[in-house]
1. Among (1) more than 20 Å from Ala170 (Cα to Cα); (2) not in a strand (DSSP E or B), which single condition is Asp269 missing?
2. Please find, among Thr268, Thr254, Thr276, the residue that is among the hydroxyl-bearing types (Ser, Thr, Tyr) and exposed (fewer than 13 other Cβ atoms within 10 Å of the Cβ).
3. Do any strands (runs of 3 or more DSSP E) lying entirely in the range 158-246 carry at least 1 residues that are open to solvent by 50 Å² or more (accessible area, probe 1.4 Å), under 26 Å from Val296 (Cα atoms) and aliphatic (A, V, I, L, M), and which ones are they?
Amino acid sequence: MATNIQIPNLPAAIALSGAEQIEVVQAGVSSRATTQQIADLQGTGPTGPTGVAGPTGSTGATGPTGASGVAGPTGVSGPTGDTGPTGATGPTGATGATSTVAGPTGPTGVTGPTGATSTVAGPTGPSGTGPTGSTGATGTQGPTGSGGVLGNYGAFFSNVDQNAAAINTAYPITLNTTQEASGLSIVSASRITFANDGTFGVQLKAHIDKIGASTGLVYFWVRQNGVDLTYSANEIAIQGLDSETIAVSNFVVTVVAADYIELIWSTTDTNIFLQTEASSSPVPEIPSAYASVTQVMYTQIGATGATGPTGDFGPTGPSGGPIGPTGPTGAGATGPTGDLGPTGPSGAGPTGATGPTGDAGPTGPTGDLGPTGPTGDTGPTGPTGVSGPTGDIGPTGPTGDTGPTGPTGVSGPTGDIGPTGPTGPTGDTGPTGPTGVSGPTGDIGPTGPTGATGPTGANSSVAGPTGPTGGTGPTGPTGSVSNATAIAYAILYGL
C-alpha cells in the first residue's frame, strides 16, 4: 500500500449518502465497508492483549570443560594363588609288533688266500693290429683363378675448361666426375686416392686448345703423395691459332693403402688451355681431361680353385704282426725292506681251497748275498734287527705260464637277525591337576577428589533462531469514525 499520499483539497459541496463503499485493511485483512458503516464507528476500541511470546532462542555453545582432578592412587593387588599340583604321568604303552624289515647283513667272511703265482710268465699273444693301409691318391687340384678378378680400378674426367694463370707453373689437373671406380676415389678435386696396396697402370688423355698464333709447349707428369716422380714428364708442342690436339700419357705406379697421385700440367704460353666441348651429333661430349687407372693383376694370385675329391682309402693290412722283444730289466739295487707293521686280526671266514700251483719256470741264477747283519741277544724277543742290504738280483728268467686261479673260498653264513618288537601305543595322558585357588582381590583404592570445574565458555556470537510469532489478540470494539476520515478513505481508493 502506498504511504505519504497527499490528499488534495476537495470542494465543500461534496456530500456522502452513506452507501459509498471503501476498502478497509485491518491486521493485513482487506474488506469493503460503506461510508455509513464507517460513520457509525465509535472511536478507537481498547487494545487487545499481547500475543504469547515466541520460544527462547537456543543456548550458545558451552565453554570448554575444566581440567580433571588428579586420579587417586590404585589399591594394592592381592597376592596370586598357589599353582595346583601336576597330574600323574600315564602308564607306558605295550611294546609294538615285530618289524617286517630285515636287519643289516652281517660282515662277509675273509676271502681265503689265492694260490701261489707262477714265476714263469706265459708268452704274450700277438697283437691284432695290422699295418695301416696306404693313403689314397690326392684329388686333382683345381686350376688357379685368372688374374684381374680382384683388381681395383677407376675412370675419372673433368667437364670444365682448365686454364694456366701463369707460365711455367705446375697445376694439378682437376677431375670432377667419377665414371667408374672400385677401391679408388677422388679427394680434394685432384687426388686419385687408393684404398688398397698394389701396382697400377695410369693413362691420361688431355684435350689441348690454343687461342694465339705463337708456338707453345705443354708438359704432363705424375706426383705421388706430393712428390714428383722422376722421369714421368711428357712434352707436347702446339702451334697456330685455334690449334687443338689430344695428349696421351701412360704411367705405372706402385702404392700402399691411403697413397694418392696427382696428374700435373704446365705450359709456356697462357693462351694454351685444357678445353671441354659439348656434344655435336653424332659425337658425344669431349672432356678437358680423362684419367683411367687399372690394377696390374697378373702379378697377383687369383682365387684358389675348388679342392678335388679325396681318393679312396687302401685296404687294411692283415692282423697278427709280430711284437718286438721286451727290453732287459734294469740292474739297479733294491732298497732295504721297511719294518713290518703289526699283524691285523684274522678274519672269521673259512679259508678257501688252495688252487693248483702253476708250473714253475726255470729259476734264474741267484745274486751274490750281502753280508749278514749281527744277531741280536737272546732273551725276550725284541724288534727284529735291520736286514743287511740285499745282493744284486740276477736277470729274471722267462715267465712260465700262469696257473689257473684257485676257486674263491665259500663265504661264511650270515647270522640270523632277531626280529624287532613292535612299538607299543602311547599311553593316555594323565589328567591335568586342578587349578589353584585364586588369591583374594586387593581392596580398591579411594577415588581421588574431583577436579575443579573449568571456566564457562564465552557467549556465542551466533544469535539463536527467533521463536514463532505469538497469536493475534482479539479485536477490540469498533470506535466511531468522523466524516473527514471516511472522506479520506473514499478519496484514497477512488470511490
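The values are calculated or read from the model by the stated rules, or taken from the named source; none is laboratory data. Note that the coordinates shown come from a computational prediction; the quantities given were computed from them, not determined experimentally. FYI the Cβ positions are ideal-geometry reconstructions off the backbone, even for glycines, and counts take in every protein chain you see. Keep in mind that these areas ignore ligands, DNA and RNA; they rest on the heavy atoms of the full protein, side chains included. Shrake-Rupley method; radii C 1.70, N 1.55, O 1.52, S 1.80 Å.
1. Among (1) more than 20 Å from Ala170 (Cα to Cα); (2) not in a strand (DSSP E or B), the lone unmet condition for Asp269 is (1).
2. Working: Thr268 fails: exposed (fewer than 13 other Cβ atoms within 10 Å of the Cβ); Thr276 fails: exposed (fewer than 13 other Cβ atoms within 10 Å of the Cβ).
Every option except Thr254 fails the conditions.
3. Values: elements: 177-182, 184-187, 191-194, 198-210, 215-224, 234-239.
Qualifying strands (runs of 3 or more DSSP E): 184-187.
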